[in-house]
Amino acid sequence: MIQKRIEKRRLENSNLRKAIDIILDDGNSFLSENFKAFDISNYTYNMNVAVEELGLDEDLINQLIEDYIIQILKSKLSFYNYIDKLKHSKVNGKVLNFDDIHNLAHKNLGVARNLRIEDAQKLLSVLLKDTDLEYMQKCTKALEFSAIRLNPLCAYETLKLIKNSL
């Protein structure tokens, strides 16, 4: 009985690693194809900068990073929803109001700045100021990959929870 549980757990862990690797590979390809000017495809977060500049310990920074990942992965749905509404308004010749998407970007940008997450800062700055809906959609996708790279396991579990709640 115990041996069966161990084997089942190994299989689950193997499948989890494969799923995370696929997400990371897809994300890295997407970033390198679409954001060469930002130079974020090879970006690696350095927690020590946040620890040193904020005077907080690593455990607290790790918890804040996980909270940020959850926040971004939840926010991406709102970003996409806002962009879709703006596209619909544009097709129907209505005046475009970017307030919702800019406010959400501003909220998330504050957290990214506080945690010193440089790639997210660049992407959120675009979402805060830009009006090109297609490019904003790409930035949202890139922001998702940025968050996933910070802690793939936390991101995967969050994405799984979001998927199950829809």
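Find all pairs meeting these conditions: Cβ atoms under 6 angstrom apart; at least six residues apart or on different chains; first residue within segment 102-129 and buried (at least 20 other Cβ atoms within 10 Å of the Cβ) and of a type in the set (D, E, K, R); second residue part of a helix (DSSP H, G or I) and modelled with pLDDT under 95. Pairs that qualify, where the first residue is buried (at least 20 other Cβ atoms within 10 Å of the Cβ) and of a type in the set (D, E, K, R) and the partner is part of a helix (DSSP H, G or I) and modelled with pLDDT under 95, are Asp119/Ser146; Lys122/Phe38. Across segment 32-64, the qualifying residues are those that are in a helix (DSSP H, G or I) and among the β-branched types (Val, Ile, Thr), and the one among them that is nearest to the chain's Cα centre (by Cα) is Ile61. Only a single item in (1) at pLDDT 80 or above; (2) exposed (fewer than 12 other Cβ atoms within 10 Å of the Cβ) is not met by Met47, and it is number (2). Could you go through segment 1-11 and let me know if any residue there is in contact with a helix residue (DSSP H, G or I) (Cβ under 9 Å, 6 or more places away or on another chain) and not in a helix (DSSP H, G or I). No, the conditions are met nowhere in segment 1-11.
A quick yes/no check of all residues on (1) closer than 24 Å to Lys122 by Cβ; (2) loosely packed, with under 10 Cβ neighbours inside 10 Å; (3) among the hydroxyl-bearing types (Ser, Thr, Tyr); (4) at pLDDT 75 or above:
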{"site": "Gln3", "(1), (2), (3), (4)": "no, yes, no, no"}
{"site": "Glu7", "(1), (2), (3), (4)": "no, no, no, no"}
{"site": "Asn15", "(1), (2), (3), (4)": "no, no, no, no"}
{"site": "Asp21", "(1), (2), (3), (4)": "no, no, no, yes"}
{"site": "Leu24", "(1), (2), (3), (4)": "yes, no, no, yes"}
{"site": "Ser29", "(1), (2), (3), (4)": "yes, no, yes, yes"}
{"site": "Glu33", "(1), (2), (3), (4)": "yes, no, no, yes"}
{"site": "Ala37", "(1), (2), (3), (4)": "yes, yes, no, no"}
{"site": "Ser41", "(1), (2), (3), (4)": "yes, no, yes, no"}
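If you check Ser29 against the conditions, is it closer than 17 Å to Cys139 by Cβ, outside any helix (DSSP H, G or I) and either touching a His at 6+ places or on another chain (Cβ under 6 Å) or free of Cβ contacts under 8 Å to residues at least 24 places away in the same chain (or both)? No, not satisfied.
The values are calculated or read from the model by the stated rules, or taken from the named source; none is laboratory data. It should be emphasised that the depicted structure is a prediction, and the values quoted were computed from it without experimental measurement. Methodologically, a virtual Cβ is constructed for each residue, glycine included, from the backbone with ideal geometry; neighbour enumeration extends over all protein chains shown.
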